[in-house]
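Would you mind keeping the following structure in view while I ask a few things?
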């Protein structure tokens, strides 16, 4: 069983409504057939409408879910909520919502979660580490060795995935569909950390605990 710490927009927000409507869409995008669209959205649907704060991990055998709750709560209770403007962008070929300006605050939150939760995380076994190291540069391989995931600290990039890499014509069709639904820019209210769980390999991630950032700032 794996856990992850995600940013998941509050259910009543415009950003949450948009994301769930997009991922739950009855596959209709002009220029892309339903089977191909399902392929492009499959991973985004499996992981849910989110941005990764701490990538999926298994707990050490000596720790329980209650320990994880307490650890994430300790982080959340010392953090400020804040707003972050987003814009349509791409990352490694994936269409996504990305920060429209500086990302220092979300980068710092991700780094805090990474370091604070690392003692609870089981290390990758050697076979999985070698598999995941393929195509990484030396810095990313070192981060993978240390943290079980290569895109952390200086390599961390906040993103809310909208679709998997597509051909140029498919990407144009996806962008047109997203813009037709009113998505060009958005605002994320970063006000909680969400613990999500993957019950079995390849299963959908489910939200199991939403822990508010305690120190509030004006929206």
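Look at segment 112-141 and say how many of its residues are without any contact (Cβ under 8 Å) to a residue 60 or more places away in the chain and part of a helix (DSSP H, G or I).
Count: 17.
Based on this model, can you work out whether residue 68 counts as in contact with a strand residue (DSSP E or B) (Cβ under 9 Å, 6 or more places away or on another chain) and crowded, with 18+ Cβ neighbours inside 10 Å?
Yes, satisfied.
So how many residues does segment 40-72 have that are assigned to a helix (DSSP H, G or I), closer than 23 Å to residue 153 by Cβ and out of contact with any helix residue (DSSP H, G or I) (no Cβ under 8 Å at 6 or more places or on another chain)? If you could, list the steps in order and put the result at the bottom.
Kept after step one, since they are assigned to a helix (DSSP H, G or I), are these residues of segment 40-72: 40-47, 65-72.
Of the ones still in play, those that are also closer than 23 Å to residue 153 by Cβ are 47, 68, 71-72.
Pick out the ones that are also out of contact with any helix residue (DSSP H, G or I) (no Cβ under 8 Å at 6 or more places or on another chain) and you get 47.
Of the residues in that region, 1 qualify.
Only one of (1) touching a helix residue (DSSP H, G or I) at 6+ places or on another chain (Cβ under 6 Å); (2) in a loop (DSSP other than H, G, I, E, B) is not met by residue 193, so which one is it?
Unmet condition: (2).
Kindly indicate whether any position in segment 59-77 is in contact (Cβ under 8 Å) with a residue 40 or more places away in the chain and under 23 Å from residue 98 (Cα atoms).
Among the residues of segment 59-77, at least one is in contact (Cβ under 8 Å) with a residue 40 or more places away in the chain and under 23 Å from residue 98 (Cα atoms), which makes the answer yes.
Tell me, yes or no, whether segment 167-186 has at least one residue that is closer than 19 Å to residue 52 by Cβ, buried (at least 17 other Cβ atoms within 10 Å of the Cβ) and touching a helix residue (DSSP H, G or I) at 6+ places or on another chain (Cβ under 9 Å).
Within segment 167-186 (the criterion being closer than 19 Å to residue 52 by Cβ, buried (at least 17 other Cβ atoms within 10 Å of the Cβ) and touching a helix residue (DSSP H, G or I) at 6+ places or on another chain (Cβ under 9 Å)), the answer is yes, since at least one residue qualifies.
Okay, next question. Check segment 12-19 and report whether any residue there is assigned to a helix (DSSP H, G or I), buried (at least 21 other Cβ atoms within 10 Å of the Cβ) and at pLDDT below 95. Walk me through it before giving the result.
Of segment 12-19, the ones assigned to a helix (DSSP H, G or I) are 14-19.
Next, from what is left, pick out any that are buried (at least 21 other Cβ atoms within 10 Å of the Cβ): 19.
If we keep only those that are at pLDDT below 95 as well, we get 19.
Looking through segment 12-19, at least one residue is assigned to a helix (DSSP H, G or I), buried (at least 21 other Cβ atoms within 10 Å of the Cβ) and at pLDDT below 95.
Scan 95, 117 and give me the residue that is in contact with a strand residue (DSSP E or B) (Cβ under 9 Å, 6 or more places away or on another chain), crowded, with 20+ Cβ neighbours inside 10 Å and modelled with pLDDT under 95.
95
Quick one: which of 161, 214 is under 23 Å from residue 84 (Cβ atoms) and out of contact with any strand residue (DSSP E or B) (no Cβ under 8 Å at 6 or more places or on another chain)?
214
Matching residues to (1) under 30 Å from residue 182 (Cβ atoms); (2) at pLDDT below 95; (3) buried (at least 17 other Cβ atoms within 10 Å of the Cβ):
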{"residue": "64", "(1), (2), (3)": "no, no, no"}
{"residue": "89", "(1), (2), (3)": "yes, yes, no"}
{"residue": "106", "(1), (2), (3)": "yes, no, yes"}
{"residue": "127", "(1), (2), (3)": "no, yes, no"}
{"residue": "135", "(1), (2), (3)": "no, yes, no"}
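Can you report the number of residues in segment 20-36 which are in a helix (DSSP H, G or I) and without any contact (Cβ under 8 Å) to a residue 12 or more places away in the chain?
2
The values are calculated or read from the model by the stated rules, or taken from the named source; none is laboratory data. Remember, it's a predicted structure, so these values are computed and weren't measured experimentally. Quick reminder, even Gly has a Cβ in these numbers, built from the backbone with ideal geometry, and neighbours come from all protein chains shown.
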